[in-house]
Structures are given as structure tokens and as C-alpha cells.
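The values are calculated or read from the model by the stated rules, or taken from the named source; none is laboratory data. Bear in mind that the values here come from a model prediction, so they are computed numbers and not experimental data. Virtual Cβ from ideal backbone geometry, glycine too; neighbours counted across all protein chains shown. Heads up: the accessible areas ignore ligands, DNA and RNA and are worked out on the full protein's heavy atoms, side chains in. Shrake-Rupley method; radii C 1.70, N 1.55, O 1.52, S 1.80 Å.
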Amino acid sequence: MSAANWKTGALKNTALGVEAVKAGKSVYFTTLADLIGSLARSEREGRLQERIRFFCRPSLLIVDEIGYLLVVQGGGNLFFQLVNARYERGAMILHAESRGNSIVRLCRGACSNI
């Protein structure tokens, strides 16, 4: 994916977030690295479920830069727990860099860590 296409995708996701806010919805935007870092820190501190509940509150969760950086060991499992907790509770937009099925690799890592 070219830099121009990646930026266009990120801008579209941002625009969707802005439209959701205009429609009265709550939106949280984060990168996958920041999201997993936050979940991992909370897990170490014994507050993982509290942090997952935090990320379940917004109507729309936008996760950017999937596939941009490698996910730390156990990160796929933490991400899977969040996706599972948000299932049918709120929308998610996942923006993946298209370098070889990043989401498939992430989910395979999560499944192998469970």
C-alpha cells in the first residue's frame, strides 16, 4: 500500500469518527500499539477488565496502524479479549496496513496464545 493510499484510509476513518460525533455518538481513536500497550500495562497492574470496560464505552472504537508495527507477545490475545467484549456492543473500525494479511496474523497469534 502506498503512503498516499494509507493516508487516505486514515483520513477516511477520521472523517467517519467526526461524522459519528456529529451524530451524537462517542468515539475513541487509538493506534493498535497504544491500545495493546494500555491493555498490557493494565493486565500487569491487575486492572485488565476495568481497562477493557473503558474501551467498550465508546459507541465507535477506531484502531489505526494495524500491521504497522509488530505486536508484542500476548498482545493478540489482549486485542482478541477486547474485540470479544465489544462484540454486539459497539462498532469498531480497524485500519490495517495491507502488508500480507496483518489482521489474519494478529488473530492467529491471539488464538495460539489462548
query = Which of the residues belonging to region 31-50 are open to solvent by 10 Å² or more (accessible area, probe 1.4 Å), over 23 Å from ALA96 (Cα atoms) and without any contact (Cβ under 8 Å) to a residue 24 or more places away in the chain?
reply = ARG41, ARG44, GLU45, GLY46, ARG47, GLN49, GLU50
remark   = Of (1) modelled with pLDDT of 90 or more; (2) in contact with a helix residue (DSSP H, G or I) (Cβ under 7 Å, 6 or more places away or on another chain); (3) open to solvent by 50 Å² or more (accessible area, probe 1.4 Å); (4) among the charged types (D, E, K, R), ARG89 fails just (1)
key: Residue in region 51-81 that is least open to solvent (accessible area, probe 1.4 Å), counting only those that are basic (Lys, Arg) and out of contact with any Leu (no Cβ under 9 Å at 6 or more places or on another chain)   = ARG53
